Amino acid sequence: MGINHRLSRRDFCRSGAAAAAASALPLPAFAQSAPRVVVIGGGFGGASCARALKLFDPKLQVTLVEQSKTFIACPFSNNVIAGLRGIEEQQFGYDKVAAAGIAVAAQAATAVDGTARTVGLADGTSLSYDRLVLSPGVDLRFDVLQGYDEAAATKMPHAWKAGEQTLLLRKQLEAMDDGGLVVISAPANPYRCPPGPYERACLIAYYLKTKKPRSKLLILDAKDTFSKQRLFQNAWKELYPGMVEWVSLSQGGKVNAVDAASNTLITDFGNHTAKVANVIPPQRAGRIAMIAGAADNTGWCAIDPVTFESRSAPNIHVIGDACLAGGMPKSAFSANAQAKACARAVATLLSGGSPAAPKLINTCYSLAAPDYGISVAGVYQPKNGLLADVEGAGGVSPVDAPRDFRAREADYAQTWFATITAEVFG
């Protein structure tokens, strides 16, 4: 499937937001015989899946388990760091989800018994299920990078889960003197939002250029290549000449340890002391996936690409950042697309049918400046037990596109975010 860039961005944007309804205040009364589906995690994957389940089969008893009463979106949180957006614009509640007939349990899931098919909750109660969907996002691995733990993150924020950490990094940038060095440590694959560190570098550079122009930004990377690399590097040269430096793995960019007391990042090739240090650590599937037995020794969850059922935990499905989705990246758009495909598969299985192989799409927008957008898109389908790229489908923004094209892509990014949040939470 060849894709025309000018049209495909709109098509992907319109087709890529959640599918429907679900969760919050009073728990609705359910017919005793209706199949029960519990969804853990209320982000773009979990909330989308809960709503889609009710669309595909309104008779299903669907419960969404999410301990936070307010969801804080990661997409566009880099704009908050750069002072371009308020954190309140990232916040969404579950009232409309609940109004769609989905029960919302506003507490943490603490246990899963796959034999009894129950989910234990923090208050000591439990929920029974016929099928369980996990969409727990990621946990940050504070056990991998020497010197970097939760205490160190209060000095060297990761800001990889939107909220307090996002605001902390923003405040540190605001407090930094002009001429200071900002260092971003980017992890090895896989991790949530592959282009995220490089978009963040762009938008921090935008802030520095407009507010503290004598400052510099250094990216220390545990990889030799990254998503949309040529587009990002061209943007750095065009928009922020001499301000952004990227150090790859082979050039000594992998951070092995940090010293939070001195804001120092340590590599095999030398130490880098920053005025502001943004350390993005390695990641794994959210903890409940480990508890449920759905995560393997990689820390991620292998799945059947047709049904998203766990390879190791029967009747448990995993979507979003926590799953190993082959060529499909860990993004909000991916989570939303997987949620709808998983919901259809679960509804089909519960009705005694055989799910059809899905075809999924993802598109990921990044902003190099408020009026400068770039994107990558892909189409995926099951192949050899994985979700594989459909050859000839998707692509990236043209390298030589004019600035008006970049401005339109920035507009498409805004439209996509407004659309997906309205459909999932509105």
query = Looking at the range 409-426, which of the residues that are within 18 Å of residue 369 (Cα to Cα) and touching a helix residue (DSSP H, G or I) at 6+ places or on another chain (Cβ under 8 Å) is surrounded by the most Cβ atoms within 10 Å (Cβ to Cβ)?
reply = 416
inquiry  = Just the residues that are buried (at least 16 other Cβ atoms within 10 Å of the Cβ) and small (Gly, Ala, Ser), please, taken from the range 107-125.
reply    = 108, 109, 114, 120
message = Please go through the range 245-289 and give me each residue that is surrounded by fewer than 19 Cβ atoms within 10 Å (Cβ to Cβ) and either in contact with a Cys (Cβ under 9 Å, 6 or more places away or on another chain) or not assigned by TED's automatic domain parsing to the domain that holds residue 159 (or both), ordered by number.
response = 287
key: Unmet criterion (only one of (1) at pLDDT 95 or above; (2) outside any helix (DSSP H, G or I)) for residue 31   = (1)
task = Sort out for me the strands (runs of 3 or more DSSP E) sitting completely within the range 61-178 that have 3 or more residues that are touching a strand residue (DSSP E or B) at 6+ places or on another chain (Cβ under 8 Å) and among the aliphatic types (A, V, I, L, M).
result = 61-65, 103-105, 109-113, 131-134
ask   = Take the residues of the range 130-148 that are out of contact with any Pro (no Cβ under 9 Å at 6 or more places or on another chain) and under 22 Å from residue 339 (Cα atoms): which is surrounded by the most Cβ atoms within 10 Å (Cβ to Cβ)?
value = 134
task = Kindly establish whether residue 350 is over 15 Å from residue 232 (Cα atoms), aliphatic (A, V, I, L, M) and surrounded by fewer than 23 Cβ atoms within 10 Å (Cβ to Cβ).
result = yes
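Can residue 296 be described as surrounded by fewer than 22 Cβ atoms within 10 Å (Cβ to Cβ) and not β-branched (Val, Ile, Thr)?
Considered against the rule, which asks whether it is surrounded by fewer than 22 Cβ atoms within 10 Å (Cβ to Cβ) and not β-branched (Val, Ile, Thr), residue 296 comes out as yes.
How many of the residues in the range 93-134 are among the acidic types (Asp, Glu) and either on the phi > 0 side of the Ramachandran plot or in contact with a Gly (Cβ under 8 Å, 6 or more places away or on another chain) (or both)?
1
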task = For the range 229-322, please list each of the strands (runs of 3 or more DSSP E) lying entirely inside it that holds at least 3 residues being β-branched (Val, Ile, Thr).
result = 264-267
message = Can you find a residue that is buried (at least 16 other Cβ atoms within 10 Å of the Cβ), out of contact with any strand residue (DSSP E or B) (no Cβ under 7 Å at 6 or more places or on another chain) and farther than 20 Å from residue 42 by Cβ anywhere in the range 313-336?
response = yes
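Please work out if residue 391 is in a loop (DSSP other than H, G, I, E, B) and not hydroxyl-bearing (Ser, Thr, Tyr).
Numbers: in a loop (DSSP other than H, G, I, E, B): yes; not hydroxyl-bearing (Ser, Thr, Tyr): yes.
Against the criterion (in a loop (DSSP other than H, G, I, E, B) and not hydroxyl-bearing (Ser, Thr, Tyr)), residue 391 qualifies.
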request  = Hey, can you tell me all the residues within the range 353-381 that are part of a loop (DSSP other than H, G, I, E, B) and over 14 Å from residue 327 (Cα atoms)?
outcome  = 353, 354, 355, 356, 357, 358, 370, 371
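The values are calculated or read from the model by the stated rules, or taken from the named source; none is laboratory data. The shown structure was predicted, so the numbers you read here are calculated from the model rather than taken from an experiment. Quick reminder, even Gly has a Cβ in these numbers, built from the backbone with ideal geometry, and neighbours come from all protein chains shown.
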